[in-house]
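Let me begin by presenting the structure, written as structure tokens, before commenting on it.
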Amino acid sequence: MKIAVVDGQGGGIGSAVIKRLREEFGESVQIIALGTNSIATAQMIKARANKGATGENAIIQTASKMDVIVGPIGIVLAQAMMGEVSPAIAQAIAEGPALKLLLPLSQENVEIMGFVSEPLPHLVDKIILRLKEVQQHV
């Protein structure tokens, strides 16, 4: 299973996700770090992603080749992350064939109604459970 983790700014969310993926799945999954900037990519590679790439074109080209894409909800919102998510990035991720597991964490002026706020570690645990379900059907 190929999992892309997309993050921007400092890469903290993506790094936390990758660390947990490695703890849970070891080397049985391929993790690709896709950063909107080089700092985010570097942090996710430090967290033990298999590969990493930075920027709009890298994200657009890679997103269509993934089985699963994980990241904060801003990765499908044009101009999110202080403008780091271009309209083309948001469109490529949203329209791509991969299953999108989006964390409801946003600095944007967007609220998800009905969502109960939870800490990042709890949300990552939910991602792990969902990926285990997906892995059984692959």
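Nothing in this text is a laboratory measurement; each read-out follows from the coordinates by a stated rule. Everything quoted here is computed from the prediction, not taken from an experiment. Note that each Cβ is placed from the backbone with ideal geometry, even for glycine, and that neighbours are counted across all protein chains shown.
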Using only the alpha-carbon atoms of the chain, report the extent along each of the three principal axes, biggest first, to the nearest angstrom.
34, 34, 27
Contour minus Cα-Cα distance for ALA94 and LEU129 (0.36 nm per residue)
10.4 nm
Taking the chain, the lysine pairs whose C-alpha atoms sit under 13 Å apart (8 or more places apart or on different chains) add up to 5
Loop only by DSSP, 12 or fewer other Cβ within 10 Å of the Cβ. Give me the GluC sites (Glu not before Pro) in region 18-99 that pass, ordered by residue number.
GLU27
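Just want to confirm a number: the relative contact order over the chain, from Cα pairs under 8 angstrom separated by 6+ residues, in percent.
Numbers: 254 pairs, mean separation 32.5, N = 138.
Taking the mean separation of contacting Cα pairs over the length of the chain, I get 24 percent.
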Stretched fully, the stretch from GLN136 through GLU24 gains (0.36 nm per residue minus C-alpha distance, one decimal, in nm) 38.9 nm
